[in-house]
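Accompanying notes for the structure given below.
The values are calculated or read from the model by the stated rules, or taken from the named source; none is laboratory data. Note that the structure is predicted; figures quoted are calculated from it, not measured. Glycine also receives a Cβ, built like all others from the backbone with ideal geometry; neighbour counts cover every protein chain displayed. Remember, those area values only see protein heavy atoms, side chains included, never the ligands or the DNA or RNA. Shrake-Rupley method; radii C 1.70, N 1.55, O 1.52, S 1.80 Å.
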Amino acid sequence: MKSNSRAVIIPILLMGLWACSNQQETRPVRKSLQQAVFASGHLEQENEYVIAATAEGTITELYMREGDPIGVGQILVRIKSDVPSTQLREARIVYNDALKNAAPGAPQLSQLEAQIAVARAQLDQDRINYERYTALRCKNSASQLELEKAQLTYKTSHCNLVALEENYSQVQDALRLNAARSLQQVKTQQAILSEYKTTTDRPGIVLDLLKKKGELVRKGELIAKIGSGRHVIKLFIAEDDITRLRLGQRAIIQMNNYPDTTFTATITRILPAFDQTEQSYSVEAQFVTSPPLLLSGTQLQANIAQDEIRSVLVIPSAALVRGQFVQMRDGKERAIRTGQKVGSWVEVKAGLTEKDIILLPEDDKDAKQGVELPGT
(Lines give C-alpha, C1' and ligand atoms only; values in the text may rest on other atoms or scores of the structure.)
Protein backbone atom coordinates (compact mmCIF):
# COMPACT_ATOMS: atom_id res chain seq x y z
CA MET A 1 0.00 0.00 0.00
CA LYS A 2 1.33 3.39 -0.94
CA SER A 3 0.56 5.22 2.29
CA ASN A 4 -0.62 4.58 5.82
CA SER A 5 0.44 7.58 7.93
CA ARG A 6 -1.08 10.99 8.47
CA ALA A 7 -0.23 14.30 10.12
CA VAL A 8 0.45 17.98 9.61
CA ILE A 9 2.37 19.47 12.57
CA ILE A 10 1.54 22.75 14.37
CA PRO A 11 4.36 24.38 16.38
CA ILE A 12 3.92 24.52 20.14
CA LEU A 13 7.42 24.22 21.67
CA LEU A 14 11.08 23.67 20.75
CA MET A 15 13.28 20.65 21.26
CA GLY A 16 15.97 20.70 23.89
CA LEU A 17 19.45 19.75 22.82
CA TRP A 18 22.22 18.23 24.89
CA ALA A 19 25.93 18.14 24.06
CA CYS A 20 27.50 14.69 24.00
CA SER A 21 31.01 14.38 22.66
CA ASN A 22 30.92 15.89 19.11
CA GLN A 23 27.26 15.00 18.47
CA GLN A 24 24.13 16.72 19.67
CA GLU A 25 21.49 14.82 21.60
CA THR A 26 17.77 15.32 21.69
CA ARG A 27 14.63 13.65 22.96
CA PRO A 28 11.39 13.02 21.10
CA VAL A 29 8.83 15.64 22.09
CA ARG A 30 5.09 15.76 21.88
CA LYS A 31 3.47 18.36 19.63
CA SER A 32 -0.04 19.36 18.72
CA LEU A 33 -0.93 17.95 15.34
CA GLN A 34 -3.77 18.70 12.99
CA GLN A 35 -5.18 15.44 11.72
CA ALA A 36 -4.43 14.85 8.08
CA VAL A 37 -4.39 12.03 5.56
CA PHE A 38 -0.96 11.35 4.13
CA ALA A 39 -0.62 10.11 0.57
CA SER A 40 2.14 9.57 -1.94
CA GLY A 41 1.65 9.85 -5.66
CA HIS A 42 2.87 11.39 -8.87
CA LEU A 43 2.03 13.81 -11.64
CA GLU A 44 0.44 12.58 -14.82
CA GLN A 45 -1.38 14.12 -17.73
CA GLU A 46 -5.14 13.87 -17.96
CA ASN A 47 -5.00 11.60 -21.01
CA GLU A 48 -2.00 9.31 -21.27
CA TYR A 49 -1.71 6.42 -23.70
CA VAL A 50 0.95 4.23 -25.26
CA ILE A 51 2.03 3.63 -28.84
CA ALA A 52 2.55 -0.08 -29.46
CA ALA A 53 3.99 -1.94 -32.43
CA THR A 54 1.16 -3.16 -34.67
CA ALA A 55 3.42 -5.68 -36.40
CA GLU A 56 6.71 -7.48 -35.96
CA GLY A 57 9.80 -6.16 -37.69
CA THR A 58 12.66 -3.67 -37.56
CA ILE A 59 12.05 0.01 -36.81
CA THR A 60 13.31 1.88 -39.85
CA GLU A 61 12.09 5.36 -38.87
CA LEU A 62 11.08 7.10 -35.63
CA TYR A 63 9.44 10.46 -36.30
CA MET A 64 9.38 11.61 -32.68
CA ARG A 65 11.55 12.44 -29.68
CA GLU A 66 10.80 13.00 -26.02
CA GLY A 67 9.01 16.31 -25.58
CA ASP A 68 7.88 16.55 -29.22
CA PRO A 69 4.27 17.62 -29.85
CA ILE A 70 2.38 15.29 -32.18
CA GLY A 71 -0.75 15.88 -34.24
CA VAL A 72 -3.71 13.80 -35.37
CA GLY A 73 -2.82 11.42 -38.20
CA GLN A 74 0.91 12.02 -37.85
CA ILE A 75 3.13 9.07 -38.77
CA LEU A 76 5.17 8.14 -35.70
CA VAL A 77 6.89 4.87 -36.57
CA ARG A 78 7.76 2.84 -39.64
CA ILE A 79 8.53 -0.86 -39.28
CA LYS A 80 10.10 -2.91 -42.05
CA SER A 81 9.40 -6.54 -42.84
CA ASP A 82 10.06 -8.27 -46.16
CA VAL A 83 7.23 -10.79 -45.82
CA PRO A 84 4.18 -8.46 -46.19
CA SER A 85 5.88 -6.47 -48.96
CA THR A 86 6.49 -9.65 -50.94
CA GLN A 87 2.97 -10.88 -50.32
CA LEU A 88 1.56 -7.55 -51.51
CA ARG A 89 3.58 -7.71 -54.73
CA GLU A 90 2.40 -11.26 -55.38
CA ALA A 91 -1.21 -10.30 -54.67
CA ARG A 92 -0.97 -7.43 -57.15
CA ILE A 93 0.43 -9.75 -59.83
CA VAL A 94 -2.44 -12.19 -59.29
CA TYR A 95 -4.97 -9.33 -59.39
CA ASN A 96 -3.57 -7.89 -62.62
CA ASP A 97 -3.75 -11.32 -64.28
CA ALA A 98 -7.31 -11.81 -63.05
CA LEU A 99 -8.27 -8.35 -64.28
CA LYS A 100 -6.86 -9.10 -67.75
CA ASN A 101 -8.68 -12.45 -67.90
CA ALA A 102 -12.00 -10.77 -67.00
CA ALA A 103 -11.62 -7.93 -69.50
CA PRO A 104 -13.38 -7.96 -72.93
CA GLY A 105 -11.14 -9.57 -75.53
CA ALA A 106 -9.42 -11.85 -72.99
CA PRO A 107 -8.31 -15.19 -74.59
CA GLN A 108 -10.80 -17.41 -72.79
CA LEU A 109 -13.72 -15.08 -73.43
CA SER A 110 -12.63 -14.48 -77.04
CA GLN A 111 -12.60 -18.22 -77.68
CA LEU A 112 -16.13 -18.55 -76.31
CA GLU A 113 -17.28 -15.53 -78.33
CA ALA A 114 -15.94 -17.16 -81.50
CA GLN A 115 -17.80 -20.37 -80.70
CA ILE A 116 -20.99 -18.39 -80.09
CA ALA A 117 -20.59 -16.59 -83.43
CA VAL A 118 -20.23 -19.92 -85.24
CA ALA A 119 -23.24 -21.29 -83.38
CA ARG A 120 -25.36 -18.27 -84.33
CA ALA A 121 -24.38 -18.61 -87.98
CA GLN A 122 -25.21 -22.32 -87.87
CA LEU A 123 -28.53 -21.52 -86.19
CA ASP A 124 -29.42 -18.98 -88.90
CA GLN A 125 -28.58 -21.53 -91.59
CA ASP A 126 -30.57 -24.31 -89.92
CA ARG A 127 -33.51 -21.95 -89.38
CA ILE A 128 -33.56 -21.02 -93.09
CA ASN A 129 -33.32 -24.68 -94.04
CA TYR A 130 -36.16 -25.58 -91.68
CA GLU A 131 -38.35 -22.78 -93.08
CA ARG A 132 -37.57 -24.00 -96.65
CA TYR A 133 -38.59 -27.58 -95.84
CA THR A 134 -41.74 -26.30 -94.16
CA ALA A 135 -42.71 -24.46 -97.35
CA LEU A 136 -41.88 -27.48 -99.50
CA ARG A 137 -43.92 -29.73 -97.29
CA CYS A 138 -46.92 -27.48 -97.74
CA LYS A 139 -46.57 -28.05 -101.50
CA ASN A 140 -45.92 -31.77 -100.98
CA SER A 141 -42.52 -31.25 -102.54
CA ALA A 142 -40.72 -32.69 -99.47
CA SER A 143 -41.47 -35.64 -97.27
CA GLN A 144 -42.53 -35.39 -93.65
CA LEU A 145 -39.26 -37.14 -92.62
CA GLU A 146 -37.17 -34.50 -94.35
CA LEU A 147 -39.13 -31.77 -92.58
CA GLU A 148 -38.72 -33.40 -89.17
CA LYS A 149 -34.99 -33.84 -89.79
CA ALA A 150 -34.62 -30.16 -90.67
CA GLN A 151 -36.66 -29.20 -87.59
CA LEU A 152 -34.49 -31.36 -85.30
CA THR A 153 -31.32 -29.84 -86.75
CA TYR A 154 -32.69 -26.34 -86.13
CA LYS A 155 -33.66 -27.11 -82.51
CA THR A 156 -30.24 -28.68 -81.87
CA SER A 157 -28.48 -25.57 -83.18
CA HIS A 158 -30.67 -23.37 -80.98
CA CYS A 159 -29.92 -25.42 -77.85
CA ASN A 160 -26.22 -25.38 -78.67
CA LEU A 161 -26.25 -21.58 -78.95
CA VAL A 162 -28.14 -21.19 -75.67
CA ALA A 163 -25.63 -23.50 -73.95
CA LEU A 164 -22.68 -21.55 -75.31
CA GLU A 165 -24.18 -18.24 -74.22
CA GLU A 166 -24.86 -19.57 -70.70
CA ASN A 167 -21.32 -20.94 -70.52
CA TYR A 168 -19.95 -17.56 -71.61
CA SER A 169 -21.97 -15.79 -68.90
CA GLN A 170 -20.81 -18.25 -66.23
CA VAL A 171 -17.18 -18.00 -67.27
CA GLN A 172 -17.38 -14.22 -67.38
CA ASP A 173 -18.94 -14.10 -63.88
CA ALA A 174 -16.28 -16.49 -62.56
CA LEU A 175 -13.47 -14.38 -64.03
CA ARG A 176 -14.97 -11.18 -62.62
CA LEU A 177 -15.42 -12.83 -59.20
CA ASN A 178 -11.83 -14.01 -59.31
CA ALA A 179 -10.70 -10.47 -60.12
CA ALA A 180 -12.77 -9.08 -57.25
CA ARG A 181 -11.32 -11.65 -54.85
CA SER A 182 -7.83 -10.84 -56.06
CA LEU A 183 -8.48 -7.14 -55.48
CA GLN A 184 -9.70 -7.91 -51.97
CA GLN A 185 -6.52 -9.86 -51.34
CA VAL A 186 -4.51 -6.84 -52.49
CA LYS A 187 -6.44 -4.63 -50.07
CA THR A 188 -5.89 -7.14 -47.28
CA GLN A 189 -2.16 -7.16 -47.93
CA GLN A 190 -2.18 -3.37 -48.08
CA ALA A 191 -3.95 -3.26 -44.72
CA ILE A 192 -1.40 -5.66 -43.27
CA LEU A 193 1.43 -3.57 -44.68
CA SER A 194 -0.18 -0.41 -43.27
CA GLU A 195 0.20 -1.94 -39.81
CA TYR A 196 3.93 -1.42 -40.28
CA LYS A 197 3.23 2.32 -40.27
CA THR A 198 1.92 3.64 -36.94
CA THR A 199 -0.07 6.86 -36.72
CA THR A 200 -1.98 8.57 -33.93
CA ASP A 201 -5.58 9.71 -33.78
CA ARG A 202 -5.03 12.17 -30.90
CA PRO A 203 -2.74 15.14 -30.34
CA GLY A 204 -0.30 15.08 -27.46
CA ILE A 205 3.31 15.24 -26.29
CA VAL A 206 5.85 12.41 -26.35
CA LEU A 207 6.54 11.62 -22.70
CA ASP A 208 8.84 8.64 -23.09
CA LEU A 209 10.46 6.87 -26.02
CA LEU A 210 11.07 3.20 -25.29
CA LYS A 211 12.62 2.04 -28.58
CA LYS A 212 15.29 3.25 -30.97
CA LYS A 213 15.68 3.21 -34.72
CA GLY A 214 17.04 -0.13 -35.91
CA GLU A 215 15.60 -2.14 -33.01
CA LEU A 216 13.55 -5.27 -33.61
CA VAL A 217 10.05 -5.11 -32.12
CA ARG A 218 7.29 -7.66 -31.68
CA LYS A 219 3.63 -7.00 -32.27
CA GLY A 220 2.13 -5.28 -29.22
CA GLU A 221 5.50 -4.19 -27.81
CA LEU A 222 5.47 -0.65 -26.39
CA ILE A 223 7.31 1.99 -28.40
CA ALA A 224 6.37 5.31 -26.77
CA LYS A 225 4.20 6.91 -24.12
CA ILE A 226 2.07 9.90 -25.12
CA GLY A 227 0.37 12.44 -22.88
CA SER A 228 -2.24 15.09 -23.57
CA GLY A 229 -4.41 17.43 -21.57
CA ARG A 230 -3.68 19.20 -18.30
CA HIS A 231 -1.48 17.79 -15.54
CA VAL A 232 -3.25 15.95 -12.72
CA ILE A 233 -2.00 15.03 -9.26
CA LYS A 234 -2.60 11.30 -8.75
CA LEU A 235 -2.60 10.29 -5.06
CA PHE A 236 -2.78 6.82 -3.51
CA ILE A 237 -4.83 6.58 -0.31
CA ALA A 238 -4.80 3.82 2.32
CA GLU A 239 -8.00 1.81 2.74
CA ASP A 240 -8.62 3.08 6.27
CA ASP A 241 -8.25 6.71 5.14
CA ILE A 242 -10.37 6.84 1.99
CA THR A 243 -13.65 7.44 3.89
CA ARG A 244 -12.15 10.59 5.41
CA LEU A 245 -11.78 12.32 2.07
CA ARG A 246 -14.24 14.51 0.21
CA LEU A 247 -14.18 16.70 -2.85
CA GLY A 248 -12.80 20.18 -2.33
CA GLN A 249 -10.47 19.29 0.56
CA ARG A 250 -7.16 21.15 0.69
CA ALA A 251 -3.93 19.21 0.20
CA ILE A 252 -0.37 20.41 0.84
CA ILE A 253 1.87 18.98 -1.89
CA GLN A 254 5.62 18.48 -1.66
CA MET A 255 7.27 17.48 -4.94
CA ASN A 256 10.60 15.71 -5.22
CA ASN A 257 11.88 18.23 -7.76
CA TYR A 258 10.90 21.11 -5.45
CA PRO A 259 12.12 19.70 -2.09
CA ASP A 260 12.12 23.03 -0.24
CA THR A 261 8.72 24.26 -1.45
CA THR A 262 5.16 23.20 -0.81
CA PHE A 263 2.15 23.78 -3.06
CA THR A 264 -1.56 23.88 -2.36
CA ALA A 265 -3.97 21.67 -4.26
CA THR A 266 -7.66 20.74 -4.10
CA ILE A 267 -9.17 17.26 -4.29
CA THR A 268 -11.20 17.13 -7.52
CA ARG A 269 -11.97 13.45 -8.00
CA ILE A 270 -12.23 10.31 -5.89
CA LEU A 271 -11.97 7.19 -8.03
CA PRO A 272 -14.58 4.58 -7.07
CA ALA A 273 -12.56 1.38 -7.55
CA PHE A 274 -9.74 -0.15 -5.51
CA ASP A 275 -6.42 -0.16 -7.39
CA GLN A 276 -5.13 -3.73 -7.22
CA THR A 277 -1.70 -2.78 -8.54
CA GLU A 278 -1.10 -0.07 -5.95
CA GLN A 279 -3.15 -1.83 -3.27
CA SER A 280 -4.83 1.45 -2.40
CA TYR A 281 -7.56 3.82 -3.50
CA SER A 282 -6.81 6.68 -5.88
CA VAL A 283 -7.83 10.33 -5.87
CA GLU A 284 -6.99 13.21 -8.17
CA ALA A 285 -6.18 16.80 -7.26
CA GLN A 286 -5.50 20.07 -9.06
CA PHE A 287 -2.96 22.73 -8.09
CA VAL A 288 -4.39 26.02 -6.85
CA THR A 289 -1.24 27.66 -8.23
CA SER A 290 0.86 25.44 -10.48
CA PRO A 291 4.64 25.09 -10.03
CA PRO A 292 6.76 26.68 -12.76
CA LEU A 293 7.65 23.30 -14.26
CA LEU A 294 5.32 20.32 -14.45
CA LEU A 295 6.77 17.00 -15.58
CA SER A 296 4.76 13.79 -15.91
CA GLY A 297 5.93 11.10 -13.52
CA THR A 298 7.25 13.48 -10.86
CA GLN A 299 6.98 11.79 -7.46
CA LEU A 300 5.27 13.72 -4.66
CA GLN A 301 3.74 13.51 -1.21
CA ALA A 302 0.60 15.14 0.09
CA ASN A 303 -1.05 16.00 3.40
CA ILE A 304 -4.82 16.27 3.04
CA ALA A 305 -6.02 18.45 5.92
CA GLN A 306 -8.72 17.20 8.31
CA ASP A 307 -10.59 19.07 11.05
CA GLU A 308 -9.44 17.22 14.18
CA ILE A 309 -6.26 17.99 16.17
CA ARG A 310 -4.24 15.51 18.26
CA SER A 311 -0.91 15.26 20.07
CA VAL A 312 1.92 13.21 18.54
CA LEU A 313 5.57 12.42 19.14
CA VAL A 314 8.07 14.01 16.74
CA ILE A 315 11.83 14.07 16.07
CA PRO A 316 13.99 15.96 13.58
CA SER A 317 13.84 14.13 10.25
CA ALA A 318 17.64 14.49 10.06
CA ALA A 319 17.90 12.03 12.95
CA LEU A 320 16.65 9.21 10.71
CA VAL A 321 19.24 6.72 9.50
CA ARG A 322 18.35 4.95 6.25
CA GLY A 323 14.80 6.16 6.60
CA GLN A 324 13.66 3.89 9.45
CA PHE A 325 16.38 3.84 12.13
CA VAL A 326 17.70 6.30 14.74
CA GLN A 327 21.01 6.24 16.62
CA MET A 328 20.54 5.94 20.38
CA ARG A 329 22.75 7.52 23.02
CA ASP A 330 24.72 4.28 23.44
CA GLY A 331 25.57 4.29 19.73
CA LYS A 332 23.20 1.47 18.76
CA GLU A 333 20.59 1.85 16.06
CA ARG A 334 16.91 1.29 16.73
CA ALA A 335 14.17 0.68 14.18
CA ILE A 336 11.17 3.00 14.43
CA ARG A 337 7.91 3.44 12.57
CA THR A 338 7.39 6.92 11.22
CA GLY A 339 4.33 8.85 10.15
CA GLN A 340 4.03 12.15 8.35
CA LYS A 341 7.11 14.18 7.45
CA VAL A 342 6.59 17.94 7.46
CA GLY A 343 9.50 20.19 6.71
CA SER A 344 12.45 19.10 8.89
CA TRP A 345 10.29 17.08 11.31
CA VAL A 346 8.83 13.59 11.27
CA GLU A 347 6.16 11.90 13.35
CA VAL A 348 7.17 8.83 15.38
CA LYS A 349 4.38 6.27 15.50
CA ALA A 350 6.29 3.47 17.25
CA GLY A 351 9.76 2.65 18.56
CA LEU A 352 10.54 5.71 20.75
CA THR A 353 9.22 7.39 23.89
CA GLU A 354 9.72 10.87 25.33
CA LYS A 355 12.36 9.47 27.69
CA ASP A 356 14.64 8.14 24.93
CA ILE A 357 17.74 10.11 23.95
CA ILE A 358 18.85 10.02 20.32
CA LEU A 359 21.85 11.46 18.49
CA LEU A 360 21.75 13.99 15.69
CA PRO A 361 24.20 14.23 12.78
CA GLU A 362 27.12 16.55 13.44
CA ASP A 363 26.46 18.73 10.39
CA ASP A 364 22.70 19.23 10.90
CA LYS A 365 22.65 22.93 11.81
CA ASP A 366 18.87 23.31 11.58
CA ALA A 367 18.24 20.51 14.07
CA LYS A 368 20.88 21.87 16.46
CA GLN A 369 19.29 25.30 16.40
CA GLY A 370 15.86 23.87 17.23
CA VAL A 371 13.96 24.94 14.15
CA GLU A 372 10.23 25.29 14.82
CA LEU A 373 7.65 23.14 13.09
CA PRO A 374 5.89 24.81 10.17
CA GLY A 375 2.31 25.85 10.68
CA THR A 376 -0.62 24.39 8.83
Taking Gln324, is it open to solvent by 50 Å² or more (accessible area, probe 1.4 Å) and within 30 Å of Leu207 (Cα to Cα)? no
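I need the full set of residues from region 1-30 which are modelled with pLDDT under 80, of a type outside the set (A, V, I, L, M) and either closer than 16 Å to Val312 by Cβ or more than 26 Å from the chain's Cα centre (by Cα) (or both), in order please. Show your work before the answer.
Residues of region 1-30 that are modelled with pLDDT under 80, as a first pass: 1-23.
So of that shortlist, the ones also of a type outside the set (A, V, I, L, M) come out as 2-6, 11, 16, 18, 20-23.
Of everything in region 1-30, those that are modelled with pLDDT under 80, of a type outside the set (A, V, I, L, M) and either closer than 16 Å to Val312 by Cβ or more than 26 Å from the chain's Cα centre (by Cα) (or both) turn out to be Ser3, Asn4, Ser5, Arg6, Pro11, Gly16, Trp18, Cys20, Ser21, Asn22, Gln23.
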The one condition in (1) at pLDDT below 90; (2) open to solvent by 50 Å² or more (accessible area, probe 1.4 Å); (3) part of a helix (DSSP H, G or I) that Ser141 fails to fulfil: (3)
I'm trying to understand the selection: among the residues of region 219-257, which are in contact with a strand residue (DSSP E or B) (Cβ under 9 Å, 6 or more places away or on another chain), among the charged types (D, E, K, R) and assigned to a loop (DSSP other than H, G, I, E, B)? Lys219, Glu221, Glu239, Asp241, Arg246
Go through region 186-204 and give me each residue that's part of a loop (DSSP other than H, G, I, E, B) and at pLDDT 70 or above. Tyr196, Thr200, Asp201, Arg202, Pro203
Which pairs have Cβ atoms under 6 Å, sit 6 or more apart or on different chains, and link a residue in region 25-44 that is among the aliphatic types (A, V, I, L, M) to one that is outside any strand (DSSP E or B) and open to solvent by 10 Å² or more (accessible area, probe 1.4 Å)? Val29/Met15; Ala36/Arg6; Val37/Arg6; Val37/Arg244; Leu43/Ser296; Leu43/Thr298
Read through the list (1) in contact with a Phe, Trp or Tyr (Cβ under 8 Å, 6 or more places away or on another chain); (2) open to solvent by less than 50 Å² (accessible area, probe 1.4 Å); (3) over 30 Å from Thr58 (Cα atoms); (4) in contact (Cβ under 8 Å) with a residue 40 or more places away in the chain, then give the number of the only condition that Glu113 fails. (2)
Name the single residue that is nearest to Lys341 (Cα to Cα) among those in region 257-299 being in contact (Cβ under 8 Å) with a residue 60 or more places away in the chain and open to solvent by 40 Å² or more (accessible area, probe 1.4 Å). Gln299
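For Leu216, are the conditions met, namely being aliphatic (A, V, I, L, M), open to solvent by 80 Å² or more (accessible area, probe 1.4 Å) and free of Cβ contacts under 8 Å to residues at least 60 places away in the same chain? Before you say what the answer is, go through the steps one by one.
Working: aliphatic (A, V, I, L, M): yes; open to solvent by 80 Å² or more (accessible area, probe 1.4 Å): yes; free of Cβ contacts under 8 Å to residues at least 60 places away in the same chain: no.
Spelling it out, it is not the case that Leu216 is aliphatic (A, V, I, L, M), open to solvent by 80 Å² or more (accessible area, probe 1.4 Å) and free of Cβ contacts under 8 Å to residues at least 60 places away in the same chain.
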